[in-house]
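One structure is given below, encoded as structure tokens.
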Amino acid sequence: MKTIITKEIDGYKIIIGIGDAGGLIDPEATRKIVNKKIQDTETWKNINQIKKQMQVYANQAMQAKKNIKSAKSEQEKRKFSDEWKFRTGQMKELENDLKPLAFELKKVFRQMTLQEAIYFETGKDRIVEDAEADKINQLMIEATQEGALVDENKNKVVDNRGKVFWKKDGSDWYKTEINKIGVDGNGILESDLSESQRTEIAEYLEKKRIEGLTAAQKTAEKESKIDSLALQADQMKGKLIIQGTKEADALSQAKTWYDSEVAKVESLYK
């Protein structure tokens with residue numbers, strides 16, 4: 001005989017484990033054991049290794065950012081700016097490597113919780129035959145692989161907690177963060193967005209942010225961006241001349257680029 005251990009989660013009575021008929025799981029005692037043993041898994045070690053490397057890149061990026069401010073020439077500024085961009089890019093790449101490992105760690109934690117469960121005596125929850133308990137255990141394994149839970153009636157309940165979905169309606173994008181079980185994702189899972197969709201969402205959010213600014217804030221921001229473009233155009237012209245372009249042609253190319261970028265900025269702050 002086995003005990004089917006359940007817990008009330010968001011209105012659902014979810015099966016969280018199977019124990020001996022004489023006892024139920026002690027979550028605190030079990031968590032202490034799992035938290036210690038999980039540190040010996042390859043998944044945990046890989047996550048820690050990536051986090052340490054991310055910290056290295058973060059320190060390098062921070063130093064590069066400081067160096068930009070203390071640079072004595074535009075060439076030095078560009079050098080340190082490129083370093084900052086490179087290191088932040090490396091951090092983002094490692095963030096992408098962390099996502100599947102984080103998902104895998106959750107699966108390992110759930111499996112270890114079942115394997116290492118500590119029980120305390122109680123008269124609560126349902127007692128079933130061993131064969132029935134085996135069926136429920138198999139169902140829980142399947143549900144875990146599908147990102148779901150199992151309720152007391154052996155129904156699978158979707159578990160999208162912590163996931164973010166994006167849905168487009170016309171030209172607008174809407175973000176949904178799920179924090180309850182039993183809620184289906186409406187839209188595109190954030191990790192499944194294409195690069196073009198991510199770009200479109202970023203542009204949409206920037207547009208909405210600008211719309212929320214006061215007239216004075218918009219003017220100040222726009223002028224700051226245009227000043228920055230002028231500086232970049234001047235740097236572009238100098239680089240072209242150094243590379244052998246005639247000064248008149250270099251000025252023309254830089255001005256064409258500047259006018260195009262200014263037009264984009266102007267359209268944002270209408």
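No lab work stands behind these numbers, since they all come straight from the coordinates. Because the structure is a prediction, the values reported are computed rather than measured. Using ideal geometry, Cβ is built from the backbone for each residue, glycine included, and neighbour counts are taken over all protein chains shown.
Per-residue ellipticity at 222 nm for the chain, helices alone: DSSP H runs ≥ 4 residues times -39500 (n - 2.57), over residue total, nearest 500 deg cm²/dmol?
-21500 deg cm²/dmol
Roughly what percent of Cα-Cα pairs across the stretch 20-86 reach past 16 Å?
The share of Cα pairs beyond 16 Å in the stretch 20-86 comes to 66 percent.
May I ask which residue of ASN160, ILE136, PHE86 lies farthest towards the positive end of the charge dipole of the stretch 70-201, with charges of +1 (Lys, Arg) and -1 (Asp, Glu) on Cβ and the Cα centre as origin?
Going by the Cα projections, it comes out as PHE86.
Within 10 Å of each residue's Cβ, count the other Cβ atoms and sort LYS66, LYS218 from fewest upward.
With the sparsest Cβ surroundings first, the list reads LYS66, LYS218.
Considering only C-alpha atoms, what is the centroid distance from the stretch 133-148 to the stretch 1-71, in Å?
Using only Cα atoms to place each centre, the spacing works out to 21 Å.
Under DSSP H, which helices of the chain have Cα atoms covering 27 Å or more of the helix axis and a Kyte-Doolittle average no less than 0.5?
Correct list, ordered by number: empty.
Between GLN138 and GLN115, what is the spin-label point distance in nm, taking each point 7 Å from the Cα along the Cα→C-beta axis?
The modelled label-to-label distance comes out at 2.1 nm.
Please compute, over every Cα-Cα pair in the stretch 32-159, the percentage with a separation greater than 27 angstrom.
So the pairs more than 27 Å apart make up 47 percent of the total in the stretch 32-159.
Straight-line reach from LYS255: which aspartates and glutamates have a Cα under 18 Å away, not including same-chain ones fewer than 8 places off?
LYS255 reaches GLU223, ASP227, ASP234, GLU247, GLU266.
With the contact rule set at Cα under 8 Å and sequence spacing of 6 or more, what percent relative contact order holds for the chain? Before the final figure, lay out each step's value.
On the way: 288 pairs, mean separation 46.0, N = 270.
This gives 17 percent for the chain.
Taking H placed 1.01 Å from N in the peptide plane, check which residues at least 5 places from GLY17 or on another chain put their amide H under 5 Å from its amide H.
Residues meeting the criterion, in which the H sits 1.01 Å from N, are ILE5.
Taking a 26 Å limit on the Cα-Cα distance, which of the listed pairs LYS13/LYS106; LYS72/LYS264; LYS37/LYS154; LYS65/LYS225; LYS167/LYS222; LYS52/LYS107 fall beyond it?
Violating the 26 Å Cα-Cα cut-off are LYS72/LYS264; LYS37/LYS154; LYS167/LYS222.
Pull up the cross-link candidates among the aspartates and glutamates for LYS36, meaning alpha carbon to alpha carbon under 12 Å and not fewer than 8 places away within one chain.
Leaving aside aspartates and glutamates fewer than 8 places away in the same chain, those within reach of LYS36 are GLU116.
Just for the Cα atoms in the stretch 118-270, what are the lengths along the principal axes, largest first, rounded to whole Å?
Sorted largest first, the three principal extents are 89, 40, 33 Å.
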